[in-house]
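S.K.: Sending over a structure as structure tokens; questions will come in a sec.
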Amino acid sequence: MSASLVETAHALVGAGKGLLAMDESNATCDKRFAAAGIPQTVDMRRAYRELLVTTEGLDDCISGAILYDETIRQTDRQGRRLVDRLTDVGIIPGIKVDTGAKKLALHPGETITEGLDGLRDRLSAYRIMGARFAKWRAVIGLQDSQPTFGCIRANMQALARYAALCQEAGIVPIVEPDVLMTGDHTMERCFVTTENVLEILFEELTAQSVKLEGVILKPNMVLPGLACPVQEPVADVAAATLQCLLRSVPAAVAGIAFLSGGQSARLASARLNAIALRAVAERAPWPLVFSFARAIQQPALELWHGEASKVRAAQHVLHHRAWCNHAALGGNYSAVMEDDPACLRAS
Ligand code: 13P
């Protein structure tokens, strides 16, 4: 494994900053635009991504940004590549390379994430475009007797084959096994499933000779389902998340970057803060950061509403969310930061 892979991984997770996931596929981005009353056009998506990457001071809190295929090829209004706008301020560009979750044969209701065909060529093209890391998301749902062993095994093997191709191409793989929050399952059930999924993931990564020092894990936090009547306090979530990760993630992994998974922006920050504090107490061996999409973007997206006159205000809100999550990494987030204008400007 090249030294630069380890250096890139370290630059992404070792600087006390997090990742901005802005890699929604066109379909997902359009769905979020539709819900916020924003027209679903190429130019609106371009304008929105320009808003995100040109937010002043974002590099104070963000080490890397995950882009989608459409975005890595786009330019700002002055014709400058959005990738260059990121690298100019020291934010490392990354790229989502899976092609989405498709029906898994003979496993009704479950999916397999696709995108391995032709991936070697796509990775070398993305590297030329400036990508230094990549992301692949496997989706694991919890309902009735699911997930099945077949679903977990197939998805973890695909993640491992993707990670091997990335390292071959000199690109740091972010491996994202996402145990969904959808449903009324308990936190205990999420714990057991996440532990099982991670154990199989690391078995598959080892089988494919992937070097863990050049891998970033992007897991879910261990949480009760969104519809579960019992919602544990943040301290319990932090304890469960740390215990699960300490049991199943080798110390050699470069770092862990949590997804937000549909939590509210404030709750995600509060839980991240509790996890960071717990990690220090438990002497966790890896850096822990965030790689949020919804929990960092959603308030800004809603405020922007597709209107040019609201770009600055939306950028301010985006920066504030990034700042809150950055503070959480040091255990310094508190609800006071949400409404205090002094904190807002400090951000
Ligand atoms: P959320 O933070 O909205 O879960 O998104 C993270 C991500 O990258 C999904 O693949």
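The values are calculated or read from the model by the stated rules, or taken from the named source; none is laboratory data. Because the structure is predicted, anything quoted here is derived from the model rather than measured. Reconstructed Cβ throughout: ideal geometry from the backbone, glycine too, with neighbour counts over all protein chains shown.
S.K.: If you check P250, P233, which single one turns out to be of a type outside the set (S, T, N, Q) and farther than 30 Å from Q167 by Cβ?
M.R.: On the way: P250 fails: farther than 30 Å from Q167 by Cβ.
Criteria check complete, one pass: P233.
S.K.: Please determine whether any residue of the range 148-165 is buried (at least 20 other Cβ atoms within 10 Å of the Cβ) and touching a His at 6+ places or on another chain (Cβ under 7 Å).
M.R.: Yes: the range 148-165 contains one or more residues that are buried (at least 20 other Cβ atoms within 10 Å of the Cβ) and touching a His at 6+ places or on another chain (Cβ under 7 Å).
S.K.: Give me the residue from the range 123-147 that is away from the ligand (no atom under 16 Å from the Cβ) and in a strand (DSSP E or B) and, out of that set, surrounded by the most Cβ atoms within 10 Å (Cβ to Cβ). It would help to see each step written out before you state the result.
M.R.: The initial filter retains those residues of the range 123-147 that are away from the ligand (no atom under 16 Å from the Cβ), namely 123-130, 132, 143-147.
Going one step further and asking which of them are in a strand (DSSP E or B), we end up with 143, 146.
Numbers: Q143: 14, Q146: 16.
Going through the qualifying residues, I end up with Q146.
S.K.: Among all residue pairs at least 6 apart or on different chains, which show Cβ distances below 6 Å where the first residue, located in the range 161-173, is closer than 10 Å to R120 by Cβ and without any contact (Cβ under 8 Å) to a residue 60 or more places away in the chain and the second is part of a helix (DSSP H, G or I) and small (G, A, S)?
M.R.: Matching pairs, first to second residue: A169/S124.
S.K.: Now a separate question. State the number of residues belonging to the range 18-39 that are away from the ligand (no atom under 16 Å from the Cβ) and either surrounded by 15 or more Cβ atoms within 10 Å (Cβ to Cβ) or assigned to a helix (DSSP H, G or I) (or both).
M.R.: Step one: filter the range 18-39 for residues away from the ligand (no atom under 16 Å from the Cβ), giving 34, 37-39.
So of that shortlist, the ones also either surrounded by 15 or more Cβ atoms within 10 Å (Cβ to Cβ) or assigned to a helix (DSSP H, G or I) (or both) come out as 34, 38.
Qualifying residue count, the range 18-39: 2.
S.K.: Further question: Which of the residues that make up the range 100-122 are within 16 Å of the ligand (Cβ to nearest atom), outside any loop (DSSP other than H, G, I, E, B) and surrounded by fewer than 21 Cβ atoms within 10 Å (Cβ to Cβ)? Break it down stepwise before answering.
M.R.: The initial filter retains those residues of the range 100-122 that are within 16 Å of the ligand (Cβ to nearest atom), namely 100-102, 111-115.
If we keep only those that are outside any loop (DSSP other than H, G, I, E, B) as well, we get 101-102, 111-113.
Once the filter is applied, which keeps residues that are within 16 Å of the ligand (Cβ to nearest atom), outside any loop (DSSP other than H, G, I, E, B) and surrounded by fewer than 21 Cβ atoms within 10 Å (Cβ to Cβ), the range 100-122 yields A101, K102, T111, I112.
S.K.: Do any residues in the range 176-190 that are at positive phi and among the small types (G, A, S) have Cβ atoms under 7 Å from those of residues that are in a loop (DSSP other than H, G, I, E, B) and within 16 Å of the ligand (Cβ to nearest atom), where the two are at least six apart or on different chains, and which pairs are they?
M.R.: Final answer for the pair search is G183/L142; G183/G225.
S.K.: Take the residues in the range 1-17 that are part of a loop (DSSP other than H, G, I, E, B) and out of contact with any Lys or Arg (no Cβ under 6 Å at 6 or more places or on another chain), then tell me which one is modelled with the lowest pLDDT.
M.R.: Among those that are part of a loop (DSSP other than H, G, I, E, B) and out of contact with any Lys or Arg (no Cβ under 6 Å at 6 or more places or on another chain), it is S2.
S.K.: Please tell me if W286 is at pLDDT 95 or above, under 22 Å from D23 (Cβ atoms) and either crowded, with 22+ Cβ neighbours inside 10 Å or of a type outside the set (S, T, N, Q) (or both).
M.R.: In short, no.
S.K.: If you don't mind, another one. Among (1) in a loop (DSSP other than H, G, I, E, B); (2) within 14 Å of the ligand (Cβ to nearest atom), which single condition is P250 missing?
M.R.: Result: P250 fails condition (2) only.
S.K.: Quick one: which residue in I256, I216, I171 is farther than 24 Å from R294 by Cα and buried (at least 20 other Cβ atoms within 10 Å of the Cβ)?
M.R.: Numbers: I256 fails: farther than 24 Å from R294 by Cα; I216 fails: farther than 24 Å from R294 by Cα.
After applying the criteria, what remains is I171.
S.K.: From the set of residues in the range 174-189 that are within 14 Å of the ligand (Cβ to nearest atom) and buried (at least 19 other Cβ atoms within 10 Å of the Cβ), which is farthest from Y68 (Cα to Cα)? Write out each step before concluding.
M.R.: The initial filter retains those residues of the range 174-189 that are within 14 Å of the ligand (Cβ to nearest atom), namely 174-182.
Filter once more, so that each one left must be buried (at least 19 other Cβ atoms within 10 Å of the Cβ): 174-181.
Numbers: I174: 14, V175: 16, E176: 16, P177: 18, D178: 18, V179: 22, L180: 21, M181: 23 Å.
Top of the filtered list is M181.
S.K.: Further, regarding this structure: Out of all the residues in the range 74-87, is one or more on the phi > 0 side of the Ramachandran plot and free of Cβ contacts under 8 Å to residues at least 40 places away in the same chain?
M.R.: Within the range 74-87, the first condition is being on the phi > 0 side of the Ramachandran plot, and the residues that meet it are 79.
Still in the list and also free of Cβ contacts under 8 Å to residues at least 40 places away in the same chain: 79.
Yes, there is a match, as at least one residue in the range 74-87 is on the phi > 0 side of the Ramachandran plot and free of Cβ contacts under 8 Å to residues at least 40 places away in the same chain.
S.K.: Let me ask something else about it. Of the numbered conditions (1) buried (at least 22 other Cβ atoms within 10 Å of the Cβ); (2) touching a residue at least 60 places away in the same chain (Cβ under 8 Å), G225 fails exactly one; give the number of that condition.
M.R.: Failing condition for G225: (1).
S.K.: Given the structure, is R321 over 18 Å from A65 (Cβ atoms), in contact with a helix residue (DSSP H, G or I) (Cβ under 9 Å, 6 or more places away or on another chain), assigned to a helix (DSSP H, G or I) and basic (K, R)? Walk me through how you get there before you give the answer.
M.R.: Values: over 18 Å from A65 (Cβ atoms): no; in contact with a helix residue (DSSP H, G or I) (Cβ under 9 Å, 6 or more places away or on another chain): yes; assigned to a helix (DSSP H, G or I): yes; basic (K, R): yes.
Judged against the criteria, R321 is not a match.
S.K.: I've got another one for you. Take the residues in the range 258-307 that are closer than 22 Å to R32 by Cβ and away from the ligand (no atom under 16 Å from the Cβ), then tell me which one is farthest from the chain's Cα centre (by Cα).
M.R.: E307
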